[in-house]
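The values are calculated or read from the model by the stated rules, or taken from the named source; none is laboratory data. Computed from a prediction, not measured in an experiment: that's the story for all the values here. No Cβ is skipped: glycine too gets one built from the backbone with ideal geometry, and neighbour counts run over all protein chains shown.
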Amino acid sequence: MVAKVMKESGRARDLATPYFAFDKTILEKNVQSVMDYAREHKFKVRPHIKAHKSIALAQWQMSLGANGLCAAKVSECEPFLDLDFEDLLIAYPPVGAHRIAKLIDIAAKKPLLLSVDSPAQVVALGEALGSVDFSIKLLIEIDTGAKRCGINSVAQVQAIIDAVAKYPALVLKGAMLYNGHLWGERASADATFAEINAMWKPIYQAILQGMKDLPSSVDEEILVSSASTPSLFNSHKIAHVNEIRYGTCAFNDFWLVKMNYCTIADCAGAVVSTVISQAAEGRVMIDAGSKALSPHYVWGPENFGYGFILEHPDALLFKLHEEIGWVDTSRCANPPQIGDRLTIIPAMTALTLNQYDNFYLLENGALVKQPVDARGMLE
C-alpha cells in the first residue's frame with residue numbers, strides 16, 4: 001500500500017509537507033489492466049493528460065503501447081508537443097479566436113483531432129483555416145446521456161456534415177463519446193448500453209455515410225473514441241467503439257472508491273500531510289487545506305470526506321480551508337498526534353495534482369521529483 005512504501009522511502013521523512021506522490025508499482029498495475037482490456041477488444045488507447053499534466057507520465061504511458069494523447073484545453077497540450085504520438089485529440093469545443101489560432105498553429109506541426117458538436121464551431125474553424133497545406137480531423141461529440149456537450153440526433157449530425165463539406169482542410173474522422181453519467185450499477189448494466197446503442201446506431205450510420213460522401217473524408221477509417229472511468233471496462237458493450245480514452249483510472253482516488261469502482265489499495269496517489277494541532281478533544285488539524293487537497297468532497301450514506309487517511313481509517317477529514325484541514329478523530333482507538341504524518345488519498349486526484357508545481361514518483365524505493373508540466377494551463 002502507498003502509505004507503507006512512502007514511510008519506507010529514505011527521503012520521504014525529509015520532505016516538507018504537504019506534498020503529492022505516486023506509487024509507480026500501483027500505477028503500473030492500473031495501466032496494465034487498461035492495456036490488457038484494450039488488447040482483448042482490439043481497441044486503440046489514448047491517455048488523457050488532464051489527469052496528471054506530466055510529460056514524464058505521458059511518455060511512460062506511450063511506452064506501454066498507447067497510440068495517441070488526449071488533452072482538455074489547448075494550452076494544456078502545448079508542453080507535450082515534442083512527444084512522439086500518432087495524433088493528439090483536443091476533447092473540447094474549438095470556440096474563440098484565440099483558441100482557434102492556437103489550434104491551427106498546432107495542427108501545422110502535429111496531426112490534430114478536434115471534437116465538435118455544432119456547425120458554428122466548424123464554420124469558425126474552417127474560415128480561420130483558409131487555404132492551408134495540412135488538414136484537421138474532426139470527431140463529432142455524441143451525448144450518450146451525460147447531458148453536457150454532444151449531439152444525439154441524425155439531424156444534428158447532418159448539419160455538421162454539411163458544414164464540414166464547405167472546407168477542404170477539414171476531415172470528418174468519426175465520433176467521440178463520453179459516458180460520464182454511468183457509475184455504480186449503471187456502469188455495467190446491459191440495459192444501460194442497450195439504451196445507448198438504440199440512440200447511437202442511426203447516428204453512427206449517418207456519420208459513416210457522411211464520411212463516404214465527403215471528398216476529404218472518403219479514404220478515412222472511422223474512429224469511435226469512448227471514455228469515462230467507471231464504465232471504461234464495459235466500453236465493448238457500445239457498438240463500433242475502437243478506441244478508449246483513459247485518465248483517472250491510472251491513479252484512482254477516494255471518489256472512485258466510494259463509487260465501488262476500485263479499492264483503497266488500487267489508489268496510486270496520495271498527499272502527505274502533518275498534524276499541526278491537537279487542541280480540541282476528538283479533533284486534529286493538518287497542514288493540508290483546500291489548496292493542497294482541492295475543495296471537492298465525497299459523500300456517502302453516513303459520512304463525507306475530502307480524502308481517506310490511510311493510517312487512520314476511522315478518522316474523517318471533514319473540512320478544509322486554504323492552508324488547513326479539520327480531522328475528526330473521535331472514532332480512532334489511537335488518534336494521530338502532533339507531528340505525525342498522514343497519508344491521504346484525495347477525493348479527486350486530477351483536481352488535487354493541478355494545485356502542485358511538482359509531485360514525487362516512488363520507484364524502486366526512491367522518490368523522484370517530477371514537474372507538473374501543464375499545471376494551471378486552462379486556456
Screening Asn234, Asn242 for residues that are in contact with a Ser or Thr (Cβ under 7 Å, 6 or more places away or on another chain) and more than 17 Å from Gly150 (Cβ to Cβ) leaves only Asn234
For Ile345, state whether it is part of a loop (DSSP other than H, G, I, E, B), among the β-branched types (Val, Ile, Thr) and touching a residue at least 24 places away in the same chain (Cβ under 8 Å). no
Restricting attention to segment 206-225, and to residues there that are touching a helix residue (DSSP H, G or I) at 6+ places or on another chain (Cβ under 8 Å) and not β-branched (Val, Ile, Thr), which single residue is surrounded by the fewest Cβ atoms within 10 Å (Cβ to Cβ)? Asp213
Please give the number of the condition Leu378 fails out of (1) surrounded by fewer than 21 Cβ atoms within 10 Å (Cβ to Cβ); (2) farther than 19 Å from Leu256 by Cα; (3) touching a residue at least 12 places away in the same chain (Cβ under 8 Å); (4) assigned by TED's automatic domain parsing to the domain that holds Ala288. (4)
Consider segment 261-281. How many of its residues are charged (D, E, K, R) and part of a loop (DSSP other than H, G, I, E, B)? 1
Working only within segment 144-164, note down all residues that are closer than 15 Å to Val218 by Cα and touching a strand residue (DSSP E or B) at 6+ places or on another chain (Cβ under 9 Å). Ile161, Val164
Restricting to segment 146-163, and then to whatever is surrounded by 16 or more Cβ atoms within 10 Å (Cβ to Cβ) and β-branched (Val, Ile, Thr), can you tell me which residue is farthest from the chain's Cα centre (by Cα)? Ile161
Out of (1) crowded, with 18+ Cβ neighbours inside 10 Å; (2) in contact (Cβ under 8 Å) with a residue 60 or more places away in the chain; (3) of a type in the set (Gly, Ala, Ser), the one Ala315 does not meet is (2)
Residues to consider are Leu362, Leu378; find the one that is out of contact with any Phe, Trp or Tyr (no Cβ under 6 Å at 6 or more places or on another chain), aliphatic (A, V, I, L, M) and under 18 Å from Asp266 (Cα atoms). Leu362
Return the pairs, sorted by first residue and then second, in which the second residue is crowded, with 21+ Cβ neighbours inside 10 Å, the first residue lies in segment 49-66 and is β-branched (Val, Ile, Thr), the beta carbons are less than 6 Å apart, and the residues are 6+ apart or on different chains. Ile49/Ala58; Ile49/Leu69; Ile49/Ala71
Counting just the residues of segment 46-96 that are hydroxyl-bearing (Ser, Thr, Tyr) and closer than 26 Å to Ala21 by Cα, which one comes out surrounded by the fewest Cβ atoms within 10 Å (Cβ to Cβ)? Ser63
Among the residues of segment 97-110, which ones are surrounded by 16 or more Cβ atoms within 10 Å (Cβ to Cβ) and not basic (Lys, Arg)? Ile100, Leu103, Ile104, Ile106, Ala107
